[in-house]
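The values are calculated or read from the model by the stated rules, or taken from the named source; none is laboratory data. Treat the numbers as computed from the prediction; the structure is a model and nothing was measured. Reconstructed Cβ throughout: ideal geometry from the backbone, glycine too, with neighbour counts over all protein chains shown. With ligands, DNA and RNA removed, areas are computed over all heavy atoms of the protein, side chains included. Shrake-Rupley method; radii C 1.70, N 1.55, O 1.52, S 1.80 Å.
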Amino acid sequence: MNLLYIDWNVNPEIFNILGIPVKYYGLLFLAGLVLCFNILKSIYKKENLSMQAHESLFSYALIGILVGARLGHCIFYDFDYYSQHILEIFLPIQKGPDGVYHFVGFAGLASHGGGIGLVIMLLLYSRKFSIPFMKVLDAIAIVLPLGGVFIRLANLMNSEIIGTPTNVPWAFIFRQVDDLPRHPAQLYEAISYFVIFLLIYFIYKKDIFKIGKGFYFGISILLIFIMRILIEFIKVDQVEFEHGMSMNMGQLLSIPFVLLGLFFIGKSILEKSKMKTS
């Protein structure tokens, strides 16, 4: 066995309080939201947006991401099961073999659903605080890849969304799963999302494009979902029905986001060039 392989055997549960587990996933998810929220504070100040609106943004984003991600997983990836267990969609419980419900936390969240849920809540948010919708989308899009970093690190701590077997020197052996060296697909995504965040934040700080035209929303979802499509090729299928598919569900769901990203980037560049020539 290659001595450089990383032996990964982390317990997803940090500790337990009165039967309720505290897990790395929840803490990292929350940490990512808090960090993004604080970076957005400086963006709101620079753009002269209401600080009251900023304070309310966290709750809108949290609800949109959690509800959307949960529904996305249940509908896109495991509809057969959850259509027969409706209660488990909305509550962090699962019926055991003994017929008794147990607290398990929300084990399934889909990033595509989270994105859709976030956009819907931001639409309501923009109307509530009278901020142009595209301005809100662009602001959120700047920190969106950074949030994705924390989600994929959370997946790493859960030993989930693992890669296919490989013999690369940096392979991980996810002992919670099996004894095979595998691509650390979660880290690939986390690193790529962090690079995307740095690029977008650099463009914003240099005032290359103004917020509110859709450029930041476009480039953020374009780059995120291009990387998602590429890295999916070295991931283990998440659900059984994906076996044998040329493109899995994650890739198929990413295509509309890529096209939407291209549209907003093209629209922003065209508008900017028209302003220069007028």
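Output the residues belonging to the stretch 153-168 that are open to solvent by 20 Å² or more (accessible area, probe 1.4 Å) and more than 13 Å from K235 (Cα to Cα).
Matches in the stretch 153-168: L153, M157, N158, N167, V168.
What do you reckon, is D179 free of Cβ contacts under 8 Å to residues at least 24 places away in the same chain, in contact with a strand residue (DSSP E or B) (Cβ under 8 Å, 6 or more places away or on another chain) and under 30 Å from P12 (Cα atoms)?
Against the criterion (free of Cβ contacts under 8 Å to residues at least 24 places away in the same chain, in contact with a strand residue (DSSP E or B) (Cβ under 8 Å, 6 or more places away or on another chain) and under 30 Å from P12 (Cα atoms)), D179 qualifies.
All but one of (1) open to solvent by 50 Å² or more (accessible area, probe 1.4 Å); (2) more than 16 Å from the chain's Cα centre (by Cα); (3) touching a residue at least 24 places away in the same chain (Cβ under 8 Å) hold for F194; which doesn't?
Among (1) open to solvent by 50 Å² or more (accessible area, probe 1.4 Å); (2) more than 16 Å from the chain's Cα centre (by Cα); (3) touching a residue at least 24 places away in the same chain (Cβ under 8 Å), F194 violates only (2).
I'd like to check something: does the stretch 199-207 contain any residue that is crowded, with 21+ Cβ neighbours inside 10 Å, closer than 16 Å to G148 by Cα and modelled with pLDDT of 95 or more?
Yes, that holds for at least one residue.
Considering (1) surrounded by fewer than 17 Cβ atoms within 10 Å (Cβ to Cβ); (2) under 19 Å from L230 (Cα atoms); (3) over 22 Å from the mean Cα position of the chain (by Cα), say which one A171 fails and leave the rest.
The one condition A171 does not meet is (1).
Residue check: is F215 farther than 30 Å from W8 by Cα and touching a residue at least 40 places away in the same chain (Cβ under 8 Å)?
yes
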